[in-house]
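The values are calculated or read from the model by the stated rules, or taken from the named source; none is laboratory data. Note that the coordinates shown come from a computational prediction; the quantities given were computed from them, not determined experimentally. FYI the Cβ positions are ideal-geometry reconstructions off the backbone, even for glycines, and counts take in every protein chain you see.
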Amino acid sequence: MKNLAYALALPLVATLAACDSTPSDNQADAPTGAMTPEESPIAATEPATNDQAPAGPSSAAAPHRFADWAGKWTGVEGVYLVITPTEAERYSLEMQYDLDNKVTVEGRDSEHGIKFDRGGKPYSLRRAQGGETGLKWLADKKDCLVVQDGEGYCRD
């Protein structure tokens, strides 16, 4: 019985030996499908050097969490808001927030919007839909910012 087991095991051992994962001399030069660094299109256009600075914002551009809010936003009856990024995480907010009051205040990044003080009270400017402004004239707008109920600004 032992001889039969050896007889059956020998072909299996021979097959496993042929499947060795170490490449032979004639397999070492076979293409693997992966590009070498010299073949990479990136290597041809952007040679890698050890003295390159990591990619990211340049020191000339200050980081602003809500930089995409920059520009003019309009409300109803002539009210508006102009957001201008200034130093890192800060904004200039020019607001005509009702018919009689126009101010320019400094805003600062916060987790969900731009915080600012106006008239000695803290406020936060946050993203909203037109219906969240509390103003029926802005109800169908999609890209808006709101300060409080009844005070909102939208882009067309």
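Taking the conditions exactly as written (in contact (Cβ under 8 Å) with a residue 12 or more places away in the chain and surrounded by 14 or more Cβ atoms within 10 Å (Cβ to Cβ)), does GLY131 satisfy them or not?
Answer is no for this residue.
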Residues in segment 131-141: is at least one out of contact with any Gly (no Cβ under 9 Å at 6 or more places or on another chain), over 14 Å from HIS64 (Cβ atoms) and modelled with pLDDT of 95 or more?
no
MET95 passes all but one of (1) under 30 Å from ALA139 (Cβ atoms); (2) modelled with pLDDT of 95 or more; (3) surrounded by fewer than 15 Cβ atoms within 10 Å (Cβ to Cβ); which number fails?
(3)
It is to be established whether one or more residues within segment 131-138 are assigned to a strand (DSSP E or B) and among the aromatic types (Phe, Trp, Tyr).
no
Looking only at segment 142-156, filter to residues that are at pLDDT below 95 and among the acidic types (Asp, Glu); which one of those is surrounded by the fewest Cβ atoms within 10 Å (Cβ to Cβ)?
ASP156
